[in-house]
Amino acid sequence: MVCDTFCIIDGQAVEEFLTHLNNQEPTIRFTMELETQGHLPFLDTGLQRRMNGELIISVYRKPTHTDRYLQFHSHHPAQVKRGLVKCLFDRARDITRDRELKQEMKHLETVLQQNGYPARFIRDANRQKLPSENQEPPVSTMSIPYIEGLSEDIKRIARNFNIRTVFTPQRTLRQSLTRVKDQLPDTLKAYMVYRITCSCGKVYIGETQRTLGTRIKEHQDACHLYRPEKSAVAEHAWCNDHRIDWDTVEIVDTASKKMELLVKEAIHIQRTPKELLLNRDNGWQIPESWNATLRTDMTSSREARRPEQSVDGEAQAMEMDS
């Protein structure tokens with residue numbers, strides 16, 4: 001644990017006082033930093049002692065500080081950017097006064113605009129707002145991944161039902177760049193949705209809370225020992241004399257909770273054309289309100305996979321229409 005303490009003490013007694021503190025407990029050691037030319041940084045504050053004894057307090061930044069903050073055009077919710085602006089200005093008001101406050105405000109406005117923040121956005125975020133006395137507490141809170149343009153609409157609808165919405169990042173830089181542990185092979189991973197492909201092109205979508213290797217071995221045993229009741233994959237292979245390509249088993253999604261896993265499995269089943277499915281059922285029952293979105297997504301995926309027409313073919317089609 002590190003604790004910072006600001007002390008005003010006679011300059012001739014500094015060393016003696018430090019020695020006295022360090023003699024109290026062998027496991028606790030104190031260090032000190034003295035003022036330089038009347039200036040001493042302490043936490044977020046820069047203290048300047050003038051010749052007349054006046055103490056000037058300003059916001060302190062390390063010499064390595066680059067004035068780089070979250071870019072305005074980065075993929076983050078607007079409330080995060082407003083919170084950044086408000087935090088910087090609130091810190092300035094808490095630490096500085098009078099002339100130093102005006103200088104800090106001007107500095108922040110310049111720096112934030114260099115980071116892409118519009119002047120109007122800065123003014124609105126910095127405006128002091130009084131808390132509403134009649135505001136009711138939310139009846140519930142939901143957490144959803146942040147997708148620009150979509151998440152804001154969901155939040156607006158949820159607000160009409162007094163539901164608080166919290167945005168979560170889809171993937172952080174730490175998750176993308178940091179590998180604290182060695183990567184596990186796919187067969188040792190758990191809580192995932194997987195896909196098994198037959199030689200005829202049909203697929204089986206499944207989920208497992210155990211390791212993938214354990215679940216795939218169960219499918220293989222059902223195929224080898226003729227137990228079609230244990231596996232839809234085994235039933236298809238035996239009834240049609242087809243070969244299952246076990247080397248192409250792939251993970252199509254992951255989850256951290258059972259309910260999330262069941263929902264994702266059902267979505268992947270719905271997104272797969274029925275004529276290509278080996279599944280005996282559709283898994284978890286998806287609400288009817290989701291089906292329109294899933295059908296639209298399936299249509300878009302199929303159109304994206306269609307071969308593009310040649311320029312001559314498009315021209316002929318236009319002539320026929322005319």
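Points worth noting:
- Test: ASP245 is of a type in the set (Asp, Glu), surrounded by fewer than 19 Cβ atoms within 10 Å (Cβ to Cβ) and in contact (Cβ under 8 Å) with a residue 60 or more places away in the chain: no
- Pair list, Cβ under 6 Å, 6 or more apart: region 156-172 residue touching a residue at least 12 places away in the same chain (Cβ under 8 Å), other residue among the charged types (D, E, K, R) and surrounded by 14 or more Cβ atoms within 10 Å (Cβ to Cβ): THR165/LYS155
- Matching residues, region 115-155, being touching a strand residue (DSSP E or B) at 6+ places or on another chain (Cβ under 8 Å) and without any contact (Cβ under 8 Å) to a residue 40 or more places away in the chain: PRO138, VAL139, SER140, THR141, MET142, SER143, ILE144, PRO145, ILE154, LYS155
- Filtering region 75-82 for residues that are closer than 30 Å to LYS155 by Cα and open to solvent by 90 Å² or more (accessible area, probe 1.4 Å) leaves a non-empty set.
- The residues listed here are GLN170, GLN128; of these, the one that is polar (S, T, N, Q), part of a loop (DSSP other than H, G, I, E, B), in contact with a Pro (Cβ under 9 Å, 6 or more places away or on another chain) and at pLDDT below 90 is GLN170.
- Hey, ASP253 loosely packed, with under 15 Cβ neighbours inside 10 Å and closer than 19 Å to VAL193 by Cα or not: no
- Residue in region 135-158 that is hydroxyl-bearing (Ser, Thr, Tyr), in a helix (DSSP H, G or I) and within 17 Å of the chain's Cα centre (by Cα) present: yes
- Restricting region 180-199 to residues that are aliphatic (A, V, I, L, M) and either modelled with pLDDT under 90 or open to solvent by 90 Å² or more (accessible area, probe 1.4 Å) (or both) leaves a set whose member that is farthest from PRO273 (Cα to Cα) is VAL180.
- When every residue of region 58-66 is checked against the conditions, at least one turns out to be surrounded by 12 or more Cβ atoms within 10 Å (Cβ to Cβ), of a type in the set (S, T, N, Q) and in contact with an Asp or Glu (Cβ under 9 Å, 6 or more places away or on another chain).
- Condition check for ILE154: closer than 30 Å to VAL233 by Cβ and either out of contact with any Asp or Glu (no Cβ under 7 Å at 6 or more places or on another chain) or surrounded by fewer than 11 Cβ atoms within 10 Å (Cβ to Cβ) (or both): no
- Filter result for LEU177 (among the hydrophobic types (A, V, I, L, M, F, W, C), without any contact (Cβ under 8 Å) to a residue 12 or more places away in the chain and open to solvent by 60 Å² or more (accessible area, probe 1.4 Å)): yes
- Per-region count, region 204-234, residues in a strand (DSSP E or B) and either buried (at least 21 other Cβ atoms within 10 Å of the Cβ) or among the aromatic types (Phe, Trp, Tyr) (or both): 4
- Residue list for region 86-134, restricted to those being over 29 Å from the mean Cα position of the chain (by Cα), among the charged types (D, E, K, R) and open to solvent by less than 100 Å² (accessible area, probe 1.4 Å): ARG93, GLU100, GLU104
- Positions within region 173-203 being in a strand (DSSP E or B) and more than 14 Å from ASP247 (Cβ to Cβ), in sequence order: ALA190, TYR191, MET192, VAL193, VAL203
- Residue pairs meeting the criteria (Cβ under 9 Å; at least 6 apart or on separate chains; first within 13 Å of GLU235 (Cα to Cα), in region 193-209; second of a type in the set (Phe, Trp, Tyr) and part of a strand (DSSP E or B)): CYS198/TYR204; TYR204/TYR194
The values are calculated or read from the model by the stated rules, or taken from the named source; none is laboratory data. Predicted model only: the values in this text are computed from it and were never measured. Don't worry about glycine lacking a Cβ; one is built from the backbone with ideal geometry, like all the others, and counts go over all protein chains shown. Surface areas here come from the heavy atoms of the whole protein model, side chains and all, with no ligands, DNA or RNA. Shrake-Rupley method; radii C 1.70, N 1.55, O 1.52, S 1.80 Å.
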